[in-house]
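Contents: one structure, followed by commentary.
No lab work stands behind these numbers, since they all come straight from the coordinates. Keep in mind the model is a prediction, meaning the values are calculated, not measured. With ideal geometry, Cβ positions are generated from the backbone for all residues, glycine too; neighbour counts draw on all protein chains shown.
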Amino acid sequence: MERDILAKNDSYAAVNRSWLAERGILALNLVSSPGSGKTTVLTRTVAALKSEMPVSVMEGDQETSLDAERIRATGVPAVQINTGKGCHLDAHMVGHALHALLPAEASVLFIENVGNLVCPAAFDLGEAAKVAILSVTEGEDKPLKYPDMFHAAQLVLINKIDLLPHVDFSVERCVEYARRVNPGVQILLLSARTGEGMEAWYEWLRLTRRSRLLGRRSAAHQTAEPSGVTLT
Ligand SMILES: Nc1nc2c(ncn2[C@@H]2O[C@H](COP(=O)(O)OP(=O)(O)OP(=O)(O)O)[C@@H](O)[C@H]2O)c(=O)[nH]1
Ligand SMILES: [Mg+2]
């Protein structure tokens, strides 16, 4: 039964992925335990980048639209998906939300998943990459305890580094544990509160978006279609 659910999800995810690819949209699935700072990272990120590139956000929570309201307060479009009893977003929900949000061509779409380090790892949403956030108050052992999530992530953001002087958290050990479950994973340290380290994350976003647009342009070139995409 679990296999059937995942197979069905994968087919919806494939539809989302091609819908996003046709429009040159970079979709990122942000995953973490509750409270590690996903929405705080996102509000700061979209406020910083919205004049440079089109951005929009999907917010996944069991209840409330508090996070979508925090994003909308920055002037960036956001939709809230409430999962009720569900502990993760799935590709069917995201497909519906895509049609409600209608992210712009060549934009970056951030999908904030439900705070949970287990279930979201298994559900492909059609994203280009998963970004896992781990805050220093959670303990450095999380990559070893929740290996599926850290294995699935392309990038790990270690957040709340402003709190490092007050907590017992070894960045070195955390990096070693993350690389043990995912040798190729990229890792950035930041504080969404002070802004330290955020520029490197923005640069990762710029580069990842750029390579997506270049890939789209060369695919369009091969099929002799005009791409219409401006690279910035
Ligand atoms: N000190 C410090 N606090 C932070 C930082 N980032 C977020 N916080 C705080 O951590 C708390 C949770 O942040 P959120 O952004 O709501 O976390 P979240 O991951 O979106 O939470 P859920 O959506 O409930 O899973 C808030 O009180 C934030 O102000 C940071 O870099 N440093
Ligand atoms: Mg949140």
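A few notes on this one:
- Note on region 110-130: among residues that are closer than 14 Å to G60 by Cβ and among the β-branched types (V, I, T), the one that is farthest from ligand 2 (Cβ to nearest atom) is I111.
- For region 47-59, the condition of being in contact (Cβ under 8 Å) with a residue 40 or more places away in the chain, within 12 Å of ligand 1 (Cβ to nearest atom) and crowded, with 16+ Cβ neighbours inside 10 Å holds for at least one residue.
- Taking region 109-154 as the range and being more than 23 Å from T83 (Cβ to Cβ) and not in a helix (DSSP H, G or I) as the test, the residues that pass are V136, T137, G139, E140, D141, Q154.
- Answer residue from region 108-130, given it is small (G, A, S) and buried (at least 19 other Cβ atoms within 10 Å of the Cβ) and is nearest to D67 (Cα to Cα) among those: G115
- Only listed residue being under 19 Å from A192 (Cα atoms), within 13 Å of ligand 1 (Cβ to nearest atom) and of a type in the set (A, V, I, L, M, F, W, C), chosen from V76, V41: V41
- Odd one out for V46 among (1) within 22 Å of Y146 (Cα to Cα); (2) touching a helix residue (DSSP H, G or I) at 6+ places or on another chain (Cβ under 8 Å); (3) within 16 Å of ligand 2 (Cβ to nearest atom): (1)
- Top-ranked residue in region 1-38 [being part of a strand (DSSP E or B) and aliphatic (A, V, I, L, M); ranked as farthest from ligand 1 (Cβ to nearest atom)]: L26
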